[in-house]
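Below is one structure, written out as structure tokens; the observations come after it.
Computed from the coordinates by the stated procedures, all read-outs in this text should not be read as laboratory data. No experiment lies behind these values; they were computed from the predicted model shown. Note: ideal-geometry Cβ built from the backbone for every residue, glycine included; neighbour counts use all protein chains shown.
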Amino acid sequence: MIMASRSGYADVLVGLQYGDEGKARVVDHIAGDYDIVARFNGGANAGHTIATPQGAVRLRQVPSAVLHPAVSLYIGSGCAIGLAQLAEEIAMLAALGIQLQGRLAISDRCLVVQPLHVARDRAHGASIGTTGNGIGPCYADHALRARGIERTSFQLRDLIQDSGAVIRQMAVAAARGGDPLDAAALEAMRAAWALVSDYVISDPGYLARRVAQGARVLFEGAQSVMLDMTHGEQPWVTASHTVPAYAYVGGDLPCRYHRKTIGVAKAIVSRVGAGHFPSELGAQRSAVYCADAAHKGLGREQEAATHDPVALLAGDDPLHVGMAIRMLTGEYGTGTGRPRRIGLLDVAQLRRTVQQHGVDELFLNKCDALALFAQTRDPAIVVVDDEGPEGATRRFPAFAVDALPNHSADPLPPQLDALLRWLADTLGCRLRGVGLGPAREQMRLLA
């Protein structure tokens, strides 16, 4: 029996809103405190971005500790692997001088996203707002298991046994199901497997053994808890479990090693795709605008060419204020480039989420974006809070962007400091760090 070590433990980091909270930059910031950073859910539908002096590193499936060479990386059995995309990601990192050999381990229980999954997702996922990477159909076929005598789902361990036979079965299943046979995609999968197979391990006790020997693990969640397939609002959710408790299922580690849960949120809220969004600036008009832009393939460049964000910010239309915040803070999908719907910080929702999922510590990104409220027609920082004195909102004094600190020793603007102190108190959760800009050095740890 594996006995718990005095020093080995696992922490779980998850997003607390609708995704895109900046989880990767927090993982990058704290990864040096861990021996292993692991993924436990999702697939290439998760876009994680890390800002570096050499430019942004955009990840989808590889854990976000890639810039820490001493940290091992693990992709757990709860993930769905897009082989061609993962191979491209590994090659991209290699071109940046980041070698994963000996660092990255992938569970052989991970699901394989098939070309027919991608085809079905792109044909039927638009109404939900999926990324079209086949993740939902992949998980669905895993639950279905088989149609008659034909399997509908495959794991990486099936490719280890006979990759040629598996790929042929995928082609037959696509043809019989009426899906177009994507020969190029199947060939790309075959070529990608030649690269990815070197990282796959057939050892379900890998993490448990390392933690029992003293290793410290950080589980990195994909998407966020509001998009959990069960606890989120159906059908506008992702296709996997995103809540912190699932880390010990999809991450292949007994829950006895859990130490704490770390939540990541941001000071302005955003959401990609359809679904409930109570604090959205512009409400339904914003949802329709962003859906139309996504359908037409319009994004950052088109908005910059047709709108003046400073003028929009000073107007009295909430839709325009949201557009300005999106443009000035770069709120566009990492993987898709789609414009994100923008909303006020929903403290009431955040409070419930912290309580429901036992969040111990909180990182709050994009606090610098709050300075934009000083340029609005009625300069005040407005947050949504059903316990607020004005019914559903609270107002805090605004601060100018030039009041933000330039150096780590400089104090925060007193208006921001007061807001953060109130937030930690009302959430009943330690505020561990705040993001004051996108750069790595702009993450401020708090006492």
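What distance in nm separates the two pseudo spin-label positions at Ile160 and Thr426, each 7 Å out from Cα along the beta-carbon direction? Going by the 7 Å Cα→Cβ label model, 5.0 nm.
Placing unit charges on the Cβ atoms only, positive for Lys and Arg and negative for Asp and Glu, gives the chain a dipole magnitude near 880 debye about its Cα centre. With a/c under 1.5 counting as rounded, go ahead and sort region 34-178 into rounded, prolate or oblate using the C-alpha gyration tensor (a ≥ b ≥ c being the square roots of the eigenvalues; past the cut-off, prolate if a/b is larger than b/c, else oblate). Prolate, since a/c reaches 1.5 and a/b exceeds b/c.
Taking the Cα atoms only, what angle lies between the long axis of helix 183-196 and the longest principal axis of the chain, rounded to 10 degrees? It works out to around 90 degrees. In this structure, His231 and Gln284 have a Cβ-Cβ separation that, at R0 = 25 Å, corresponds to a calculated FRET efficiency of about 0.55. From largest to smallest, the equivalent ellipsoid semi-axes obtained for region 347-445 from the alpha-carbon gyration tensor read 22, 19, 10 Å. In terms of its C-alpha gyration tensor, region 131-252 has an oblate overall shape, because the principal axis ratio a/c (a ≥ b ≥ c, square roots of the eigenvalues) is not below 1.5 and a/b does not outweigh b/c.
Ratio of Rg to Rh for region 280-343: 0.93 [Cα atoms; Kirkwood radius as inverse mean 1/r over pairs]. Seen from Ile160, the other residues with C-beta closer than 12 Å to its C-beta sum to a net charge of -2, counting Lys and Arg as +1 and Asp and Glu as -1. Between Ala184 and Leu96, full extension at 0.36 nm per residue minus the direct alpha carbon distance yields a gain of 29.0 nm.
In order along region 210-217, the phi-based Karplus estimate (6.51 cos²θ - 1.76 cosθ + 1.60, θ = phi - 60°) of 3J(HN,Hα) comes to 5, 5, 4, 8, x, 5, 9, 10 Hz; Gly and Pro are listed as x. Volume of the convex hull of region 405-447 (Cα atoms only), normalised per residue: 74 Å³. Each Lys and Arg contributes +1 and each Asp and Glu -1, all at the Cβ; summed about the Cα centre of region 280-343, the dipole is approximately 260 debye.
Within the shell defined by Cβ-Cβ distances under 14 Å, the residues around Ala418 carry a net charge of +1, with Lys and Arg each +1 and Asp and Glu each -1. For region 71-120, the square roots a ≥ b ≥ c of the C-alpha gyration tensor eigenvalues yield an a/c of 1.5 or more together with a/b not exceeding b/c, which makes the shape oblate. Calculated mean residue ellipticity at 222 nm for the chain: -10000 deg cm²/dmol, from DSSP H runs with n ≥ 4 weighted as -39500 (n - 2.57), summed, divided by the residue count and rounded to 500. Centroid-to-centroid, using Cα positions, region 203-264 and region 300-321 are 38 Å apart.
A simple packing score, the average count of other Cβ atoms within 10 Å per residue, orders the peptides 425-434, 102-111 as 102-111, 425-434, with the highest score first.
Against the set (1) 215; (2) 164; (3) 150, the structure's computed volume of the Cα convex hull per residue in Å³ falls on (3). Taking the alpha-carbon centroid of each part, what is the distance from region 144-200 to region 350-417 in angstrom? The distance from the Cα centre of region 144-200 to that of region 350-417 comes to 48 Å. Per-residue packing, averaged as other Cβ atoms within 10 Å, sorts the ranges 261-269, 61-69 into the order 261-269, 61-69, beginning with the highest. The angle between the Cα long axis of helix 83-95 and the main principal axis of the chain comes to about 70°, on a 0 to 90 degree scale. Between the Cα long axis of helix 318-329 and the first principal axis of the chain there is an angle of about 70°, rounded to the nearest 10. Over region 182-273, the reciprocal of the mean inverse Cα-Cα separation, the Kirkwood hydrodynamic radius, stands at 16.3 Å. Seen from Tyr289, the other residues with C-beta closer than 14 Å to its C-beta sum to a net charge of +2, counting Lys and Arg as +1 and Asp and Glu as -1. The residues Ile342, Ile167, Ile98, when put in order of fewest to most other Cβ atoms within 10 Å, stand as Ile98, Ile167, Ile342.
Here the peptides 33-46, 236-249 are ranked by packing, the mean other Cβ count within 10 Å, and the order with the highest first is 33-46, 236-249.
The count of lysine pairs in the chain whose Cα atoms are under 21 Å apart, excluding pairs fewer than 8 places apart on the same chain, comes to 4.
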